[in-house]
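No value in this document is a laboratory result; all are computed from the given coordinates. Note that the structure is predicted; figures quoted are calculated from it, not measured. We place every Cβ from the backbone using ideal geometry, glycine too, and count neighbours over all the protein chains shown.
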Amino acid sequence: MTQRHKLRKSMNRAVGPAVAVIAVLAMIGYIILGPTGLYAWGDYSQSVEKKRVVLSELAKKESELENRVNLLDRRRVDPDLAEEYVREKLGAYHPDEVIIPMEPAAKR
């Protein structure tokens, strides 16, 4: 066998393992740097925390609205709340009443 033939034969044998090593390195890189990789977990945890804050705010608002709906139920309406609601929507105030506008944050 000639030297060139031996070199070509050894190169042909090395191609398979080289391709496998490159594929494994590409997979490892994707695992670490990919969109769902290890670096993305930090972004996901920050995103989850932000979503939990928004969810807690929405749950609080939902409970407030649910309470208001229950208070305005036709079968057992709260008279004070009904009067406040009607006056607010219709603008029906007595001439001797003094109305003090409040900021939405100050109402709580």
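Cα convex hull, the stretch 43-92: 85 Å³ per residue, rounded to a whole number.
Taking the C-alpha atoms only, the angle from helix 38-71 to the longest principal axis of the chain is near 20 degrees. Considering only ALA14, HIS94, VAL53, and ranking their Cα positions along the charge dipole of the chain that arises from unit charges at the beta-carbon of Lys, Arg, Asp and Glu, the one farthest toward the positive end is ALA14.
Placing pseudo-labels 7 Å out from each Cα toward the beta carbon at GLU49 and ALA23 gives an inter-label distance of 4.0 nm. Every helix of 4 or more DSSP H residues in the chain counts as -39500 (n - 2.57), and over all residues that averages to -26000 deg cm²/dmol at 222 nm.
Projecting the alpha carbon convex hull of the chain along each direction and taking the average yields 14.3 nm².
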